[in-house]
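*Asks:* Sharing a structure, written as structure tokens. Questions coming.
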């Protein structure tokens, strides 16, 4: 989950700037969560998990999200361009 030490947009902003933006509530936490999920999906696929297995694992890590929601996040190309 999003914390000051976990910067999912490290390639865009420094950790220090990320922490400052987060502290001032200037970031959209849903979009950051979605970026984290896409990054996690890419990691799991590189580890050899199938798409279905990766989505199932992410869904278990984010238990409040439905599998369809995870699929939509994973395949959302607008977010992929940010990560």
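The values are calculated or read from the model by the stated rules, or taken from the named source; none is laboratory data. For clarity, every value in this text was computed on a predicted model and none was experimentally measured. We place every Cβ from the backbone using ideal geometry, glycine too, and count neighbours over all the protein chains shown.
*Asks:* Any chance you could count how many residues in the range 51-72 are exposed (fewer than 14 other Cβ atoms within 10 Å of the Cβ), in contact with a helix residue (DSSP H, G or I) (Cβ under 9 Å, 6 or more places away or on another chain) and assigned to a loop (DSSP other than H, G, I, E, B)?
*Replies:* 1
*Asks:* Take the residues in the range 4-43 that are over 18 Å from residue 68 (Cα atoms), in contact (Cβ under 8 Å) with a residue 12 or more places away in the chain and not in a loop (DSSP other than H, G, I, E, B); name whichever of them is farthest from the chain's Cα centre (by Cα).
*Replies:* 23
*Asks:* If you take the residues of the range 73-83 that are under 12 Å from the mean Cα position of the chain (by Cα) and outside any loop (DSSP other than H, G, I, E, B), which of them is modelled with the lowest pLDDT?
*Replies:* Top of the filtered list is 80.
*Asks:* From the list 10, 40, which residue is out of contact with any strand residue (DSSP E or B) (no Cβ under 6 Å at 6 or more places or on another chain) and at pLDDT below 90? Full working, then the answer.
*Replies:* Numbers: 40 fails: at pLDDT below 90.
Residue meeting the stated conditions: 10.
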